[in-house]
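Enquirer: Before I ask anything, let me first share the structure, which is written out below as structure tokens.
The values are calculated or read from the model by the stated rules, or taken from the named source; none is laboratory data. These numbers were taken from a predicted model, which means no experiment stands behind them. We work out accessible area using only protein heavy atoms, side chains counted, and drop any ligands, DNA or RNA first. Shrake-Rupley method; radii C 1.70, N 1.55, O 1.52, S 1.80 Å.
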Amino acid sequence: MAGNAGAVLDAERDAILAALAPVLEGLVATFGPVCEVVLHDYRRPEQSVVAIAGSVTGRTVGGAMSEIGLRMVARGQEATDELNYLTRTPSGGIVKSSTMVLRDSTGAVFGALCVNLDVSAVTEAHTLLGSLAGIARPPAELPVTTFGNDIDSVVDVMLDAHQLHQNRPWAALDRAERLELFRGLDERGVFAVRRAIEQVAARLGISRASAYSYLSQSRARAATATDSTSDSSGGHA
């Protein structure tokens, strides 16, 4: 019975994706060559791009989701639309994006429609005009987002960012810091990717069993913290 229900939901999700796919070209035609629209199926993070129009991030059909998509997956049912946010590509381009989650009839998040606009030229023009008018402001630091067709490269970049933040090698971290590293990676959706635990273990120079243990401990610790907060808030009238 449960299997039948799952098949029905999968068919519904497939139908939603199929209905949205033709919309992509129309949106790109409206906004022009600086626009890219991507349709994601979160059921397969390693090959989440099921349709794409335009070319801003260089991805193709069958490509992997970005760090932003992995974060959405990690949030599960708590995921919400993220609109008009700015990121910087590794090559220096500035991208304005909106990520709109797709839900099935049960309310479950299963994908997203993403619109990416390359606003690099607009930003440069704005800075130039500001300079001419004498009101230029220093450019804001934007988070760098990796877009790629290979999920392993996306995971690698996220792991590098965490290690850079720690500013110390794995061997120099104490237990609390190691658990915090795994908690941070988990919150960003890294472990939603198949083989990610092996990839992280190899990068840190630890066994797969140790990696699983740290992940399990970090999740248990987070759950305990959540329960404690709930108990504390529930004790007040």
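Enquirer: Might you tell me the accessible area per residue for region 1-60, computed with a 1.4 Å probe and given in Å²?
Expert: That works out to 51 Å² for each residue.
Enquirer: For region 8-13, in order, what is each residue's ³J(HN,Hα) by Karplus, 6.51 cos²θ - 1.76 cosθ + 1.60 with θ = phi - 60°, in whole Hz (x at glycine and Pro)?
Expert: Ordered by residue, 3J(HN,Hα) equals 5, 5, 4, 5, 5, 5 Hz.
Enquirer: With the Cα gyration tensor of region 1-46 in hand, give its eigenvalues times 5 under a square root as the equivalent ellipsoid semi-axes, listed largest first in whole angstrom.
Expert: Equivalent ellipsoid of region 1-46: 30, 12, 4 Å, largest first.
Enquirer: For region 1-80, what percent of Cα pairs sit more than 22 Å apart?
Expert: 33
Enquirer: Next question. What residues have an amide H closer than 5 Å to that of Ala21, excluding those fewer than 5 places away on the same chain, when H is modeled at 1.01 Å from N in the peptide plane?
Expert: none
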